[in-house]
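Written out below as structure tokens is the structure these notes cover.
The values are calculated or read from the model by the stated rules, or taken from the named source; none is laboratory data. This one's a predicted model, so the numbers in the text were calculated from it and none came from an experiment. Counting neighbours? That spans all protein chains shown, and the Cβs are built from the backbone with ideal geometry, glycine included. Side chains included, ligands, DNA and RNA excluded: accessible areas come from the protein's heavy atoms. Shrake-Rupley method; radii C 1.70, N 1.55, O 1.52, S 1.80 Å.
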Amino acid sequence: MQANPQLDKEGKLQHLLSIEGLPAPVLTQILDTAASFVGVTEREVKKVPLLRGKAIFNLFFEPSTRTRTTFEIAAKRLSADVVNLNISTSSQTKGESLLDTIDNLSAMHADMFIVRHAESGAPYLIARHLRPGIHVINAGDGRHAHPTQALLDMYTIRHYKKEFRDLRVAIVGDLLHSRVARSQVHALSILGVPEIRVVAPKTLLPAQVERLGVHVFHDMAEGLRDVDVVLMLRLQNERMQGALLPSAQEYFKYYGLTPDKLARARPDAIVMHPGPMNRGVEIDSAVADGPQSVILPQVTFGIAVRMAVMSILAGSSPPAAND
């Protein structure tokens, strides 16, 4: 039985469903390929013909603006044909099953599905159901995983810090509901970051989070001491059930990233956030817009990273520097 449904028999990527279980060379290949696409976004004509004639379906069963838009831009820059399926008006609302929907779209000669779904594991279900040659990218499933967000975060870290092996990284905020945080921890571990910290109130930490190999802090000042990278997380009120926090103001007082708290980190530490940001709740505007923030470059790099993943899955070579 195949150990990892994401890899073919030669160990090449055929789906991107999760960071967990992927070998370091696969992650490095994606980051290196993304580097070759960053230049494309700076050209006057921002297109390469690598996926010309390929049909890519954006299937977003959950609302998203940033992720769906960057996937669409990435696919179009690879010259693919992109179909955005409006789930709220699709046959899903008429009782058709998920796999029936996939079968019908596959019959329209789909080559790749970008899937965001509220249920953890939905992209795996789709990937197992499809015939070989059709690829699935997980754009976020439940609380489980968001692999391309983690990859663009890793690209951003490598861009500014060059190496992973000497870094101290802190992930701060709502880890309990965050699929991004889970993917970030796996990616940082695979790429060799020696110290990964998580900083959050006890009510926003998963049970037995230490098993992921992280150091747990409940005091933000201690958690940020001498770190090189601060990864802030969005407070996901829409996923919370019950009163996990006294108030947004109370949360900001103890876990919002302010200039005073950031001063505990290394002077050249970078600040990241997957967005959308809740200013005055997770992060102070003085930090979000400050010199240590790389939040907007994250978005730019996200297009190149998603181009890289799609081109690798389709078996296409990245452009040469002078193409």
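Points to keep in mind about this one:
- For the stretch 111-196, the Rg and Dmax computed from alpha carbons only, in angstrom: 14.6, 42
- Cross-link partners of Lys47 among aspartates and glutamates, defined as those whose alpha carbon lies under 14 angstrom from its own and excluding same-chain residues fewer than eight positions apart: Glu72, Asp81, Asp323.
- Projecting the Cα atoms of Ala127, Ile157, Gly173 onto the charge dipole of the stretch 126-175 (Cβ charges, centred on the Cα centre) puts Ala127 farthest toward the positive pole.
- Accessible surface of the stretch 14-80 [probe 1.4 Å, protein heavy atoms]: carbon and sulfur percent: 50 percent
- Evaluated with a Cβ-only charge set (Lys, Arg +1; Asp, Glu -1), the stretch 88-239 carries a dipole of roughly 100 debye about its Cα centre, given to the nearest 20.
- Rg/Rh for the chain (Cα atoms only, Rh after Kirkwood) is 0.96.
- For a label point 7 Å along the Cα-to-beta-carbon line of Tyr254, residues of the stretch 206-220 with backbone N under 11 Å: 218-220
- Between His273, His15, His218, the residue with the greatest mean-square fluctuation in the GNM of the chain (Cα pairs under 10 Å linked by springs) is His218.
- Average 1/r across all pairs of distinct alpha carbons in the stretch 10-65, invert it, and you get the Kirkwood radius: 14.4 Å.
- Pair-distance profile P(r), taking every C-alpha pair of the stretch 169-310, with 5 angstrom steps and integer %: 2, 10, 20, 24, 22, 14, 7, 2, 0
- Our helix-only sum for the chain, with -39,500 (n - 2.57) per DSSP H run of n ≥ 4 divided by its residues, gives a mean residue ellipticity at 222 nm of -10000 deg cm²/dmol.
- Less than 5 angstrom separates the built amide H of Ser18 from none of the residues sequence-distant by 5 or more or on a different chain.
- Its convex hull of Cα atoms gives the stretch 1-156 a direction-averaged projected area, equal to a quarter of the hull surface, of 9.7 nm².
- Solvent-accessible surface of protein heavy atoms, probed at 1.4 angstrom with all chains present, puts Glu222, Glu210, Glu44 in the order Glu44, Glu210, Glu222, largest first.
- Segment Glu119-Thr28, extension gain: residue separation times 0.36 nm, minus the distance between their alpha carbons: 29.9 nm
- Filtered trypsin sites (Lys or Arg not before Pro), the stretch 146-209: DSSP coil and at most 10 other beta carbons within 10 Å: Lys162, Arg165
- Here the chain carries DSSP beta bridges of which approximately 5% are antiparallel, counting only pairs with both residues inside.
- Per-residue SASA entry for Asp289, accessible area with 1.4 Å probe, Å² rounded to 10: 100 Å²
- Between the listed residues Met232, Val83, Pro274, the Cα displaced farthest toward the positive end of the dipole of the chain, a dipole computed from Cβ unit charges relative to the Cα centre, is found at Val83.
- Taking all Cα pairs closer than 8 Å and separated by 6 or more residues, the relative contact order of the chain comes to 21 percent.
- Taking all protein chains as they are arranged and a probe of 1.4 Å, the heavy atoms of Glu163 leave approximately 90 Å² accessible to solvent.
- Protein-only accessible surface at a 1.4 angstrom probe places the residues Tyr160, Tyr251 in the order Tyr160, Tyr251, largest first.
- Measuring against 31 Å, Cα to Cα, the residue pairs Lys46/Lys261; Lys76/Lys253; Lys9/Lys202; Lys9/Lys54 contain Lys46/Lys261; Lys76/Lys253; Lys9/Lys202 as the ones spanning a longer distance.
- Of Gln149, Gln208, Gln249, the residue with the greatest mean-square motion in the GNM of the chain, using alpha carbon springs below 10 Å, is Gln208.
- Net dipole in debye of the chain [+1 Lys, Arg Cβ; -1 Asp, Glu Cβ; about Cα centre; nearest 20]: 260 debye
- Derived scalar couplings ³J(HN,Hα) [the stretch 306-313; Karplus, 6.51 cos²θ - 1.76 cosθ + 1.60; whole Hz; x for Gly, Pro]: 5, 4, 4, 4, 5, 5, 5, 4
- Simple label model, 7 Å out from Cα along Cβ direction - His129 to Asp289, nm: 4.6 nm
- Label-zone membership for the stretch 186-229, site Asp268, 7 angstrom Cα→C-beta point, backbone N under 19 Å: 193-195, 225-229
- At R0 = 25 Å, FRET efficiency that the Cβ-Cβ distance of Arg66 and Ala107 yields, to 0.05: 0.25
- Protein heavy-atom accessible surface, 1.4 Å probe, per residue over the chain: 45 Å².
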